[in-house]
Amino acid sequence: MALIAETLQGDLDKIRKEKAEIEARVQEMGARLATLQTQERGLQAALDYYTATSNTRPIQSTVASTADFASMTIAKAAALIFRDRQNHWLTTRELVAAFAERGKITSYNAMDITLKDASKTFEKKKERGKNYFRLTEPEW
């Protein structure tokens, strides 16, 4: 009897271990799927926007020189970046990075607060725990 119980227990342990491994892989694949779906939505939105505006708006840089950009207010500089990037949705972190590329150092919190407060100029959406901003239609 003891041998049968040990054999059954061994088989049960193997099944539980394999089940745990499969569940872990399913969870990893679910996270990867969510990432791919987010990327797909972003790319589709960019493609749709580009297709809708490519014949109506010339692509030209509106970003001022580095010296001029550094002296602008956060809201005015952000508006220039949005226009330069065809008003695509950008996260606060992406905007801070774009500012840094142009020589204007701005904190994440200052950017986030400024854009939230300027609701007539910028629209906001929250997706997957991140704030996204772009210019409102009249400003664009």
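The values are calculated or read from the model by the stated rules, or taken from the named source; none is laboratory data. Quick caveat, the model's predicted, so the values are computed rather than measured. Counting neighbours? That spans all protein chains shown, and the Cβs are built from the backbone with ideal geometry, glycine included.
Below is a table of values for the structure above.
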read-out	value
Where a residue in segment 15-34 is assigned to a helix (DSSP H, G or I) and its partner, wherever it lies, is charged (D, E, K, R), with Cβ under 7 Å and at least six apart	none
Selection from segment 70-90 of residues that are under 16 Å from residue 110 (Cβ atoms) and in a helix (DSSP H, G or I)	70, 74, 75, 76, 77, 78, 79, 81
Verdict on residue 116 being of a type in the set (D, E, K, R), modelled with pLDDT of 80 or more and not assigned by TED's automatic domain parsing to the domain that holds residue 34	no
Sole exception among (1) touching an Asp or Glu at 6+ places or on another chain (Cβ under 9 Å); (2) at pLDDT below 85 for residue 89, by number	(2)
Positions within segment 1-14 being surrounded by 10 or more Cβ atoms within 10 Å (Cβ to Cβ) and of a type in the set (Val, Ile, Thr), in sequence order	7
Failed item in (1) closer than 18 Å to residue 137 by Cα; (2) at pLDDT below 85; (3) among the acidic types (Asp, Glu), with residue 101 passing the rest	(1)
Members of segment 107-134 that are part of a helix (DSSP H, G or I) and touching a residue at least 24 places away in the same chain (Cβ under 8 Å)	110, 111, 114, 115
